[in-house]
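Asker: Let me begin by handing over the structure; questions about it come next.
The values are calculated or read from the model by the stated rules, or taken from the named source; none is laboratory data. All values derive from a computational prediction rather than experimental measurement. Positions of Cβ are generated from backbone atoms using ideal geometry, with glycine treated the same way; all protein chains shown enter the neighbour counts. These area figures cover heavy atoms from the full protein model, side chains too; ligands, DNA and RNA do not enter into them. Shrake-Rupley method; radii C 1.70, N 1.55, O 1.52, S 1.80 Å.
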Amino acid sequence: MTDLDPGAGARHLPVLVAEVLDVLRPAPGAVFVDTTLGAGGHARLLAQRVQPGGRLIALDRDPAMIELARPRLEGLPVTVVHANFDRLGEVLDEHGLGRVDGVLADLGVCSDQLDQADRGLSFSQDGPLDMRLDLDSGEPASALLRRLSERDLADLFWRYGEERFSRRIARRIVEQRRRTPIKTTGQLAELVRRCVPRGRPGGHRGIDPATRVFQALRIAVNDELGALDRLLAQLPGRVRAGGRVALISFHSLEDRRVKHALRQREVWDDLTHKPVQAGDEEVRRNPRARSAKLRAARRKDDDTAPPAGARLTEEEQG
Ligand SMILES: C[S@@+](CC[C@H](N)C(=O)[O-])C[C@H]1O[C@@H](n2cnc3c(N)ncnc32)[C@H](O)[C@@H]1O
């Protein structure tokens, strides 16, 4: 297995790998957190570079991704935790860690999650309309479509999907659910496609008309923006002076939040004046990289907290 192969059974390719390593600078003895383990691509590279003496704490809210990533992390100093990244502080406390040397967040979902029809995340495969990344938390998308009023549905598609036909789609959903509940991704994708003029001015050229509605529902079902806000709020108190953070977002709602949080000049020195994006070569290999935006910052040197590595027990140092 090369460092960039997705590894046993996984398909997801990590994005902006060289750029992430360049801004985070993982070094022997350091303690890093990968808040979005996914298929373990970035995690493996970080964990290799913090040895000897360092450790990577890797979080994911999807237990299936944790199992997929495990073989890739064998023999490396990694502590894997099933948790939403909005619990970063609690997780670090549970492991006796105060502030860490670096944090990575590669937001959104993995190709492997989109590929599993039974997760209901993809409009290109028919499956139950679920979309929860953690089946123990929140309600499935089908329940939201049943419960929300026409107005709330329209707001949701507009706010989280910037879908300009949001009202028309919401109206059609309410009409349809009076007759029969919308339970599958195929039913919803077809309904949306019937509402949106294709290839005409104002229509969706190039992308499937269902794209924005699926994105909006996934964000709402998993409270993705709320979780991101809570993570961003914890970073200043959990990264040591001189430590580094890197966040990769895939749509403007995420990127706006990241940009705003890292703009706190009394806390962060900007490492990426403009967001870093993938080059043509990477986009050709991995089309998903096209919309990735990396922002990074360095925690200012104005506090005296000891580095997290100083508090690792011998056992934890592995
Ligand atoms: C784009 S993938 C990460 C890919 C990973 N960097 C790699 O190299 O394979 C995003 C991952 O973050 C997880 N995730 C999304 N939101 C999360 C949250 N709030 N807390 C923890 N994990 C989350 C998803 O389940 C998914 O596995």
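Asker: Looking at (1) open to solvent by less than 30 Å² (accessible area, probe 1.4 Å); (2) within 25 Å of HIS251 (Cα to Cα), can you tell me which one ALA64 breaks?
Answerer: Of (1) open to solvent by less than 30 Å² (accessible area, probe 1.4 Å); (2) within 25 Å of HIS251 (Cα to Cα), only one is false for ALA64: (1).
Asker: Can you go through ASP208, ASP223 and tell me which one is acidic (Asp, Glu) and within 16 Å of the ligand (Cβ to nearest atom)?
Answerer: On the way: ASP208 fails: within 16 Å of the ligand (Cβ to nearest atom).
Among ASP208, ASP223, only ASP223 is acidic (Asp, Glu) and within 16 Å of the ligand (Cβ to nearest atom).
Asker: Restricting the search to segment 127-144, which residues are at pLDDT 95 or above, away from the ligand (no atom under 12 Å from the Cβ), open to solvent by 30 Å² or more (accessible area, probe 1.4 Å) and assigned to a loop (DSSP other than H, G, I, E, B)?
Answerer: GLU139, PRO140 - these are the residues of segment 127-144 that are at pLDDT 95 or above, away from the ligand (no atom under 12 Å from the Cβ), open to solvent by 30 Å² or more (accessible area, probe 1.4 Å) and assigned to a loop (DSSP other than H, G, I, E, B).
Asker: Name the residue that is nearest to LEU37 (Cα to Cα), counting only residues in segment 145-167 that are of a type in the set (Asp, Glu) and outside any helix (DSSP H, G or I). I'd like the intermediate steps shown before the answer.
Answerer: First, the residues of segment 145-167 that are of a type in the set (Asp, Glu): 150, 152, 155, 162-163.
Retained after the next criterion (residues that are outside any helix (DSSP H, G or I)): 162-163.
Working: GLU162: 28, GLU163: 30 Å.
Applying the filter and picking the extreme gives GLU162.
Asker: Filter segment 30-49 down to the residues that are under 12 Å from PRO14 (Cα atoms) and open to solvent by 20 Å² or more (accessible area, probe 1.4 Å) and list them by number.
Answerer: THR36, ARG44
Yes or no, residue by residue, for (1) farther than 27 Å from LEU271 by Cβ; (2) within 12 Å of the ligand (Cβ to nearest atom); (3) in contact with a Lys or Arg (Cβ under 7 Å, 6 or more places away or on another chain); (4) open to solvent by 30 Å² or more (accessible area, probe 1.4 Å):
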residue: GLY98; (1), (2), (3), (4): no, no, yes, no
residue: GLY108; (1), (2), (3), (4): no, yes, no, yes
residue: SER111; (1), (2), (3), (4): yes, yes, yes, no
residue: ASP115; (1), (2), (3), (4): yes, no, yes, yes
residue: SER122; (1), (2), (3), (4): yes, no, no, no
residue: ARG146; (1), (2), (3), (4): yes, no, yes, yes
residue: ALA154; (1), (2), (3), (4): yes, no, yes, no
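Asker: Next question. With respect to PRO52, determine if the residue is surrounded by fewer than 22 Cβ atoms within 10 Å (Cβ to Cβ), of a type outside the set (A, V, I, L, M, F, W, C), modelled with pLDDT of 95 or more and in contact with a strand residue (DSSP E or B) (Cβ under 7 Å, 6 or more places away or on another chain).
Answerer: In short, no.
Asker: I'd like the residue in segment 254-279 that is under 19 Å from ASP22 (Cα atoms) and acidic (Asp, Glu) and, out of all such residues, is farthest from the chain's Cα centre (by Cα).
Answerer: Across segment 254-279, the extreme among qualifying residues is ASP269.
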